[in-house]
Amino acid sequence: MGVSFLSTSTLPSFLPLGSHNPKTATTRCQPRSVTICCTKIKTGVTDEEEQLRWRRRDVLKCIGVTIALESITSSRSLVEKANAADLIERRQRSEFQSQIKGTLYTAIKGKPDLVPSILTLALNDALTYDKATKTGGPNGSIRFSSEISRPENKGLSEALNFIEEAKKEIDSYSKGGPISYADLIQYAAQSATKARFLASAIRKCGGNVEKGNLLYTAYGSNGQWGLFDRQFGRADTQEPDPEGRIPIWEKASVQEMKDKFSAVGLGPRQLAVLSAFIGPDQDATETLLASDPDVAPWVQKYQRSRETVSRTDYEVDLITAFTKLSTLGQNINYEAYTYPRAKIDITKLKL
């Protein structure tokens, strides 16, 4: 015989029943009681067997729900741990960068005459990049004696010695392994560039260092270096880059300079703004570049900008061009210089 039973259940408001009513589409659905009618059909099994079957179903449902909840909890835990680990690594890299900048700032302050050579060292290490073969670039190859001794690198040995000395100090406190020459050369050029920006601000304040620092803090471009700082993790090459990829800047024509910059994806605008990186005398370089109709308007633009208080056009464009230059063809390892956190031995804790 058939047995039927009735039960009532309150459905949640997010499960509306019945047909859609446009007049109440924006009205929050209220809980409602409905009657669910279930019919037990006679199948030749006893009541005890049927009850056992229902109990098994309930148990299996509970197990399924438990497994699902545990999976969700486990996944959330893994995501939280991954995010926490990422934040720790970013903080480690940021702290290491701050230490590097402090070391380089102090070292450059003691040897301001080296600034032009440090800039050219970074330029020549980067411009070995070849788009066709995807080789070269700012990979630290200029550290090899066979490359630094080439004619185009004449006069840069002292700047390389500066890099070597800074590297020794930085490696002594690095917790994530030695810094690459590729990174250090570009970061030294960044510090040298900042030193020039600051020196200009001090000159605008009549040589008053304190006022110059305040001027650069208020109007300077320090906040524009964010993208450059993220490109931290260049790998060193293990051999010199091929010869013939860098012009001898003192002898090169403007057209040769334009061709070289064009070969790596930079144009007359970048050539003009990076004039401080080309040879020891920026004024002489700009005078030469101003003779070219493609480059002259940009030279004049940046000369005018440098006369303003903020120097915004010049400094922002220089930072942008230098950032692109400093990453030509490089695969950045964003986990470089990170290190495992020290584990705490709870057995040695004093409770």
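The values are calculated or read from the model by the stated rules, or taken from the named source; none is laboratory data. This is a predicted model, so every value here is computed, not measured. Here Cβ is always computed from backbone atoms with ideal geometry, including for glycine, and neighbour counts include all displayed protein chains.
Some observations on this one:
- The requirement of being among the charged types (D, E, K, R), in contact (Cβ under 8 Å) with a residue 40 or more places away in the chain and either in a helix (DSSP H, G or I) or surrounded by 14 or more Cβ atoms within 10 Å (Cβ to Cβ) (or both) is not satisfied by R203.
- In the stretch 243-260, the residues that are of a type in the set (S, T, Y) reach residues that are assigned to a helix (DSSP H, G or I) with C-beta atoms within less than 9 angstrom, at least six apart or across chains, in these pairs: S253/L288.
- In this structure, R269 does not satisfy being surrounded by 14 or more Cβ atoms within 10 Å (Cβ to Cβ), touching a strand residue (DSSP E or B) at 6+ places or on another chain (Cβ under 7 Å), at pLDDT 95 or above and closer than 30 Å to S141 by Cα.
- Candidate set from the stretch 206-228 (those that are surrounded by 15 or more Cβ atoms within 10 Å (Cβ to Cβ) and touching a residue at least 40 places away in the same chain (Cβ under 8 Å)); member that is nearest to the chain's Cα centre (by Cα): F228
- Scope the stretch 125-177; condition charged (D, E, K, R) and in a helix (DSSP H, G or I); matching residues: D125, R143, E147, E152, E158, E164, E165, K167, K168, E169, D171
- Checked against the criterion of being over 30 Å from N213 (Cα atoms) and part of a helix (DSSP H, G or I), the stretch 98-121 has no qualifying residue.
- Total residues in the stretch 108-122, condition in contact with a Phe, Trp or Tyr (Cβ under 7 Å, 6 or more places away or on another chain) and surrounded by fewer than 18 Cβ atoms within 10 Å (Cβ to Cβ): 1
- So G136, is it farther than 30 Å from A252 by Cβ and at pLDDT 90 or above: no
- Some residue of the stretch 180-194 being surrounded by fewer than 19 Cβ atoms within 10 Å (Cβ to Cβ) and over 13 Å from Y105 (Cα atoms): no
- Hits in the stretch 283-300 (condition: buried (at least 16 other Cβ atoms within 10 Å of the Cβ) and either part of a helix (DSSP H, G or I) or of a type in the set (S, T, N, Q) (or both)): T285, E286, L288, L289, A296, W298, V299
- Scan of the stretch 136-180 for residues that are of a type in the set (G, A, S), over 29 Å from A263 (Cα atoms) and in contact (Cβ under 8 Å) with a residue 60 or more places away in the chain, ordered by number: A166, S174, G176, G177
- The listed residues are L266, L328, L318, and the only one of them that is part of a helix (DSSP H, G or I) and of a type in the set (A, V, I, L, M) turns out to be L318.
- Given (1) of a type outside the set (A, V, I, L, M, F, W, C); (2) under 16 Å from G137 (Cβ atoms); (3) outside any helix (DSSP H, G or I), index of the condition P247 fails: (2)
- Every residue from the stretch 164-189 that is more than 14 Å from T103 (Cβ to Cβ) and polar (S, T, N, Q): S180, Q186
- When residues in the stretch 131-142 are screened for being at negative phi and crowded, with 17+ Cβ neighbours inside 10 Å, 4 of them pass.
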